[in-house]
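**Student:** Take this structure first; my questions come after.
The values are calculated or read from the model by the stated rules, or taken from the named source; none is laboratory data. Just so it is clear, the structure is predicted and the values come from calculations on it, not from any experiment. Positions of Cβ are backbone-derived with ideal geometry, glycine not excepted, and every protein chain shown enters the neighbour counts.
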């Protein structure tokens, strides 16, 4: 059965102004993400992963084509975004509470109402931190979880994650990845994760899109991560993880050389 | 002030005492610490110097205010509209290279010998520093923070006052601190050059003319203390209110 597209990129084109010539990153690029699924986008640095994500999140514009959510053009604010550089993406002049409820501040919602929502969301996501602190008073892992809470605070229709674990040290990385995927699983939210780390892609995604390294980028392969019934946070410990990793590493190498 | 901050002033005091009490340096050039501090005490008790301090602070304050408003206004314009910077960079670099003191005669010519010339010279100096720091503060805003705000639904106006302003504020205040250090210098110098009824610069100049060496030294100490207090108050404010500076 063909699954219906929830997020859809149709013939999207995007160029950047280069020093000498314009650089075409996306040319007639199309991509579909099914409802309640997590799509991994894997590719080397500079292949256009973050551009795709920025267009979906609405902080980058595209030159041509359509970007749709449930069949309608995506409006900024509909898609929550988790950034690679957590400390740079949080606002250090605002408390954790105000960071998480920033979208509500923009809507002019009262402080009391915002604080209630922040308490609700941190409790329901299992994030145990003092919301009156400032971001720089938290550890890297805690800051990334605050970013996640902020991205989910306004109940977005989808979530995009740009290399969300790559700035974390090895020990924090595994636990934050596990916490993040537990939250994504529990909310049943449609998500896109871009990464140049295959382990992250397999641990988080239902399907992985392998991008070519040459520009304009194109889809080399779409692989299904067949781990039916294994909870996202448990995947890395499952028996078939290494097998899938071996298999997809070959695809990744082929995509890089393509 | 911490303990270690007193060490160098104490060493200076010891050196000053040795040079003046032993008359290695003639009393014609150097009053002794006791003469200077006694004179300072008299000037404060009589209230004589308080008017000078008040007028100097008034000129510093107005120079900073006028200069900051003009500098920040143009700095915002340049920071927000890069094409303005493209066209005005050469002109700005030329005018900001002109020493403020060299322009003092021009301001006297335009405004006369009164306060507007002194305040205008100070404002000129402040304006260019604030212009450059404001435009850099606006241009150097962290792009990831802007993207994060956009993804949360912020429009251009919200991004400006909720992200660009607070993100650029520490950079802007670095410029303001430079102004705060140099504005008293400019004001005191203009008070010395053009003469005025009240002002620390005028008091220093007059003391030198009349060979009131202790008076001159006492006034110099007051000028230094004004700068020190302004800087300390500013740092106190920044450390408490702009807590995210450098984060």
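**Student:** Would you please name the residue that is surrounded by the fewest Cβ atoms within 10 Å (Cβ to Cβ), looking only at residues in the stretch A:122-140 that are in a helix (DSSP H, G or I) and away from chain B (no Cβ under 14 Å)?
**Tutor:** A:123
**Student:** Let me ask something else about it. Looking only at the stretch B:117-133, decide whether some residue is within 14 Å of chain A (Cβ to nearest Cβ), assigned to a helix (DSSP H, G or I) and either modelled with pLDDT of 90 or more or at positive phi (or both).
**Tutor:** No.
**Student:** Just a yes or no: is a residue in the stretch B:171-185 away from every other protein chain (no Cβ under 14 Å), surrounded by 22 or more Cβ atoms within 10 Å (Cβ to Cβ) and over 14 Å from residue B:68 (Cβ atoms)?
**Tutor:** Checked against the condition, which is being away from every other protein chain (no Cβ under 14 Å), surrounded by 22 or more Cβ atoms within 10 Å (Cβ to Cβ) and over 14 Å from residue B:68 (Cβ atoms), the stretch B:171-185 yields at least one hit.
**Student:** Also, quick follow-up: Return a yes/no flag: does the stretch B:138-157 have any residue that is closer than 19 Å to residue B:235 by Cα, crowded, with 17+ Cβ neighbours inside 10 Å, out of contact with any strand residue (DSSP E or B) (no Cβ under 8 Å at 6 or more places or on another chain) and modelled with pLDDT of 90 or more.
**Tutor:** Scanning the stretch B:138-157, I find no residue that is closer than 19 Å to residue B:235 by Cα, crowded, with 17+ Cβ neighbours inside 10 Å, out of contact with any strand residue (DSSP E or B) (no Cβ under 8 Å at 6 or more places or on another chain) and modelled with pLDDT of 90 or more, so the answer is no.
**Student:** Which residue is nearest to residue A:197 (Cα to Cα), if the candidates are limited to the stretch A:54-78 and must be in contact with a helix residue (DSSP H, G or I) (Cβ under 8 Å, 6 or more places away or on another chain) and at the interface with another protein chain (Cβ under 9 Å from one of its Cβ atoms)?
**Tutor:** Of everything passing the filter in the stretch A:54-78, A:54 is nearest to residue A:197 (Cα to Cα).
**Student:** Something else: I need a count of the residues in the stretch A:79-107 that are more than 9 Å from chain B (Cβ to nearest Cβ), closer than 29 Å to residue A:67 by Cβ and part of a helix (DSSP H, G or I).
**Tutor:** The total comes to 4.
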